[in-house]
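Engineer: Sending over a structure as structure tokens; questions will come in a sec.
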Amino acid sequence: MSLENKAKATAKNIEGKVQESVGDVTGDPQTQAEGKGKQAEAKVRHTVENVKDEVKEDTK
């Protein structure tokens, strides 16, 4: 996994968790949903990078 892409995905996940928590505290469902969306995006990014790593390993 590209270290840069992994770091970006991790940062997006953290950002989403913080945003979801802010939404929980303020009672704002829009903010909660946006935070959950960012976490889902981060999960997809991690999955894509893992697949890339697997493909690289298989071609060696």
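Engineer: Among (1) within 8 Å of the chain's Cα centre (by Cα); (2) touching a residue at least 40 places away in the same chain (Cβ under 8 Å), which single condition is Lys6 missing?
Structural biologist: Here Lys6 clears every test but (1).
Engineer: Tell me, please, whether a residue that is out of contact with any Phe, Trp or Tyr (no Cβ under 6 Å at 6 or more places or on another chain) and not in a helix (DSSP H, G or I) can be found in segment 23-30.
Structural biologist: Among the residues of segment 23-30, at least one is out of contact with any Phe, Trp or Tyr (no Cβ under 6 Å at 6 or more places or on another chain) and not in a helix (DSSP H, G or I), which makes the answer yes.
Engineer: Right, next: Please find, among Lys60, Lys52, the residue that is open to solvent by 50 Å² or more (accessible area, probe 1.4 Å) and either assigned to a loop (DSSP other than H, G, I, E, B) or polar (S, T, N, Q) (or both).
Structural biologist: Sole residue among the options that is open to solvent by 50 Å² or more (accessible area, probe 1.4 Å) and either assigned to a loop (DSSP other than H, G, I, E, B) or polar (S, T, N, Q) (or both): Lys60.
The values are calculated or read from the model by the stated rules, or taken from the named source; none is laboratory data. Model, not experiment: these values are computed from the prediction. Cβ coordinates were reconstructed from backbone atoms using ideal geometry, including for glycine residues, and neighbour counts include every protein chain displayed. Note: areas computed on protein heavy atoms with side chains; ligands, DNA, RNA excluded. Shrake-Rupley method; radii C 1.70, N 1.55, O 1.52, S 1.80 Å.
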